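Trainee: My questions all concern the structure below.
Read the figures in this text as sums done on the coordinates, not as results from a lab. Predicted, not measured: the structure shown is a model, and the values here were computed from it. No Cβ is skipped: glycine too gets one built from the backbone with ideal geometry, and neighbour counts run over all protein chains shown.
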Amino acid sequence: MEELKAQIKELQLSVQALLKKLNNVQKENEHLKQLTAELQQGLTEKENTVRSAQQKIDAKSLSTLYDDDEKKLLQQRIDVYLRDIERCLSLLNA
């Protein structure tokens, strides 16, 4: 009987140790999830910054590629496209 009690006590200690390990692993998992979310948010912000900077660079390089007459022609073409798009949207909404 004493041997059975000793085995039960040993089993209880093992279960308690496993529960402590499980608790620690769960805490670490939560911490890692939080860290992952923070890193993902930082990465998204950096990607947005890079995208914005690239757009500014593209706009600046585009403005230096054309002279004033070419810019006016390009603007006129863009305006025509925008009017066509607006007309299509108004037809879709009608």
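Trainee: Given the options V80, V50, name the one that is part of a helix (DSSP H, G or I) and more than 19 Å from the chain's Cα centre (by Cα).
Mentor: After ruling out the rest, the residue left standing is V80.
Trainee: Please go through the range 83-94 and pick out each residue that is of a type outside the set (D, E) and either under 35 Å from the mean Cα position of the chain (by Cα) or loosely packed, with under 10 Cβ neighbours inside 10 Å (or both).
Mentor: Within the range 83-94, R83, I85, C88, L89, S90, L91, L92, N93, A94 meet the criteria.
Trainee: Is it true that K21 is surrounded by 10 or more Cβ atoms within 10 Å (Cβ to Cβ), among the basic types (K, R), out of contact with any Ser or Thr (no Cβ under 8 Å at 6 or more places or on another chain) and assigned to a helix (DSSP H, G or I)?
Mentor: yes
Trainee: Among all residue pairs at least 6 apart or on different chains, which show Cβ distances below 9 Å where the first residue, located in the range 54-75, is part of a helix (DSSP H, G or I) and the second is aromatic (F, W, Y)?
Mentor: If the second residue must be aromatic (F, W, Y), the pairs left are L73/Y66; L74/Y66.
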